[in-house]
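K.L.:
Below are the structure tokens for one structure; questions will follow.
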Amino acid sequence: MTLPLAHLGHFLWIFYILPVIIVIAGIVRSTIKEKKSARAEEPDD
Amino acid sequence: MTFYLPFAHALIARQDLPIPAWLFAWGASIVLIVSFFALSVAWRQPRFEQENWRSLGAGSRLLLGVPAQVLFGLIGVFLLGLAIYAGLRGTEAPDRNFALTFLYVTAWLGFPFFSALLGDIFRPVNPWRAVGRMAGAGFRAIAGQRSAHLAYPKALGRWPAAIGLLAVVWLEVVYGGSGGVAVGLAPEPAATAALVYSAYTLAMMALFGVEEWCERGEVFSVYFGMFSRLGYFNVRDGRLGRRRPLSAAGCWATLPGSVAVVVASIASTSFDGAQDGAFKGWIESAAGWFADRGLSLLDATRVSDTIFLLLCFAGVGLIYQLGVRGMHGVPGAPSLDKLRVGFAHTLIPIALAYLVAHYFSLYVFQEQAQFTYLLSDPLGTASTDLFGTASAGIDFKLLSATSIWYVQVGALVVGHVGGLTLAHDRALVYWPDYRRASRSQYWMLAVMVTFTCFGLYLLSAGNG
């Protein structure tokens, strides 16, 4: 049995988009974290 | 027999890389992330808001005097005239005719490259400005007064230049290229376009004034002038001086339409790189769809190419707009419009990086032709040998495919780090608290990483 690797080249773009996804995920995560901590610091009425 | 230049991607050859090409995108992204954190820690005051301009002294008078200006203007007019004449009267073979290499390689690529280093070197040799100024001087001498001009509509800003920029690229890569259909941009349409553009430009200069039109609507002045803002030298109050490189970019985008100019520059280079690479399959599918509906194959390809060129423009604009929206979410942010205009100059180093990455090898190889057989035999008819170099050729071994790849990667990394630095510097103006300024730049980091990876993907797909 051979793996269907003939068209692997068509999916190389995934390797190029991964750094972008990682950076955006990091930004979204840190933004959510900052908003949560800002909410926690707000004094209770 | 007709030859066609490989304008779209320069030369395509296999590289001998120690790691897969996509790993370079990862490496470049890591460089950007490290640069981002280094800027956040070490760069806490804006440094590019002041140009630190210093006069070069009396020597500059020789370069800026009337005789020199007339001489430079005449050189520009002569070269444009020669290109038009060669295009109309010379051989149809683009690689043997002076017109195409001069217009689309020597001038179109050379001025951005050298302007980014030296400053606005196009201004003194701009043939339309020279003719316009001579006509203005003639009018003053005859009428005894300055010619009156219409007030330029403020809202129009640099939009005519942005649209003109896309039109110039369209002529080359869509009308002339059309995705592998053997049309190629022949010298004659290029020369005709240059004539039409000359008439249009001179008419606009007559309407709105020479300097006004050069600042806003003249495609080449605006486009090359944009890159010159990165350069070392400039003229102020009639004196030549030096300034801090990159520092003049910050005040470039104040006119409406400036964002569109720099976005059009990145988009057109992206499209040129993707036309026969990353987007080839999609463009062919779309062309097939149009052909099925009755268009000829040539028209279908051109319509499809045009759509993808506009999609590239929209895509690049959207990525930038997302970065601006991200910044807008940071407390203390100015309005969206102010952010959009205020950070547009950070895209100029990216536009330059894309140009170098995509056309560096084409420029090196074609300039060998330009300064040997094309100068000796401008018409390409084998009837002249002005400098004895008409039989010279291009040395394609001058650059290896691997060295071209390293230049491409290096240009993209340096350009994006430059953009990131300018963005960080501008953020410190809008958010005096450096922590907030750094926080605002998370999204510009994402923009830079996106453009870097996209650029490398286009190059690797084009070479594949």
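K.L.:
Among B:LEU240, B:GLY277, B:LEU109, whose Cα projects farthest towards the positive end of the dipole of the protein assembly as shown, with charges put on the beta-carbon of Lys, Arg (+1) and Asp, Glu (-1)?
P.N.:
Working it through, the farthest residue towards the positive pole turns out to be B:LEU240.
K.L.:
Counting partner chain Cβ atoms within 10 Å of every residue's Cβ in B:447-454, what's the average?
P.N.:
Going residue by residue through B:447-454 and averaging, the value is 4.
K.L.:
Given segment B:350-396 reduced to its alpha-carbon atoms as identical point scatterers, what log10 I(q)/I(0) does the Debye formula return at q = 0.26 Å⁻¹?
P.N.:
For segment B:350-396 at q = 0.26 Å⁻¹, log10 I(q)/I(0) is -0.82.
K.L.:
Give me the one-decimal nm value for the distance between modelled label points at B:TYR85 and B:LEU17, 7 Å along each residue's Cα-to-Cβ direction.
P.N.:
My value for the distance between the label points is 4.7 nm.
K.L.:
Under the Karplus relation 6.51 cos²θ - 1.76 cosθ + 1.60, θ = phi - 60°, what is the ordered set of whole-Hz ³J(HN,Hα) values for segment B:31-46, x standing for Gly and Pro?
P.N.:
4, 5, 5, 4, 4, 4, 5, 4, 5, 4, 7, 9, 10, 10, 10, x
K.L.:
Here's a follow-up. From zero up to wherever the largest Cα-Cα distance of segment B:326-457 sits, split into 5 Å bins and tell me the percent of pairs in each.
P.N.:
Calculated over all Cα pairs of segment B:326-457, the distribution is 2, 10, 15, 14, 11, 9, 9, 7, 7, 6, 5, 3, 2, 0 percent.
K.L.:
For segment B:46-172, state the semi-axes of the equivalent ellipsoid (square roots of 5 times the eigenvalues of the alpha-carbon gyration tensor), sorted largest first and rounded to whole angstrom.
P.N.:
Gyration-tensor ellipsoid for segment B:46-172: 28, 23, 20 Å.
K.L.:
With only alpha-carbon atoms in the gyration tensor, what are the semi-axes of the equivalent ellipsoid for segment B:74-133, in Å, largest first?
P.N.:
22, 16, 6
K.L.:
Additional query: Which is farthest toward the positive dipole end of the protein assembly as shown among B:THR389, B:LEU339, B:MET444, measuring Cα position about the Cα centre, with Cβ charges +1 (Lys, Arg) and -1 (Asp, Glu)?
P.N.:
B:LEU339
K.L.:
Same structure again: Which semi-axes, in whole Å and largest first, does the equivalent ellipsoid of chain B have when worked out from the alpha carbon gyration tensor as the square roots of 5 times its eigenvalues?
P.N.:
So the three semi-axes of chain B are 34, 31, 22 Å.
K.L.:
Roughly how many nanometres apart are two label points built 7 Å out from the Cα toward the Cβ at B:VAL414 and B:ALA68?
P.N.:
Spacing of the two 7 Å Cα→Cβ label points: 2.7 nm.
K.L.:
Set the Förster radius R0 to 30 Å, insert the Cβ-Cβ distance between B:ALA137 and B:ALA392 as r into 1/(1 + (r/R0)^6), and round the FRET efficiency to 0.05.
P.N.:
The value I calculate is 0.15.
K.L.:
If the only charges are +1 at each Lys and Arg Cβ and -1 at each Asp and Glu Cβ, what is the size of the charge dipole of the protein assembly as shown around the Cα centre, to the nearest 20 debye?
P.N.:
The dipole of the protein assembly as shown has a size of about 1520 debye.
K.L.:
Could you tell me the convex hull volume per residue, in Å³, taken over the Cα atoms of the protein assembly as shown?
P.N.:
Convex hull of Cα atoms, per residue: 217 Å³.
K.L.:
Please turn the phi angles of segment B:241-251 into ³J(HN,Hα) values with the Karplus equation 6.51 cos²θ - 1.76 cosθ + 1.60 (θ = phi - 60°), one per residue in order, whole Hz, x for glycine and proline.
P.N.:
Here the 3J(HN,Hα) series is x, 10, 9, 6, x, 6, 5, 7, 5, x, 9 Hz.
K.L.:
Still on this structure, I have one more. About its Cα centre, what dipole magnitude does chain B give when the only charges are +1 on Lys and Arg Cβ and -1 on Asp and Glu Cβ, stated in debye to the nearest 20?
P.N.:
Its charge dipole is roughly 1780 debye.
K.L.:
Say the dipole of the protein assembly as shown comes from +1 at the beta carbon of Lys and Arg and -1 at that of Asp and Glu; which of B:LEU23, B:PHE220, B:GLY294 then lies farthest toward its positive end?
P.N.:
Positive-most Cα among the choices belongs to B:PHE220.
K.L.:
Taking the alpha-carbon centroid of each part, what is the distance from segment B:381-456 to segment B:56-91 in angstrom?
P.N.:
Taking the Cα centre of segment B:56-91 as reference, the centre of segment B:381-456 is 29 Å away.
K.L.:
Averaged over peptide B:23-29, how many Cβ atoms belonging to another chain are found within 10 Å of each residue's Cβ?
P.N.:
Mean shielding by partner chains, rounded to a whole number: 3.
K.L.:
If you place +1 on the Cβ of every Lys and Arg, -1 on the Cβ of every Asp and Glu, and leave all else neutral, what size is the dipole of segment B:217-299 about its Cα centre, to the nearest 20 Debye?
P.N.:
Charge dipole, segment B:217-299, about its Cα centre: 780 debye, nearest 20.
Where a number appears in this text, it was derived from the coordinates with a stated rule and is not lab data. Just so it is clear, the structure is predicted and the values come from calculations on it, not from any experiment. Backbone-built Cβ (ideal geometry, glycine too); neighbour counts: all protein chains shown.
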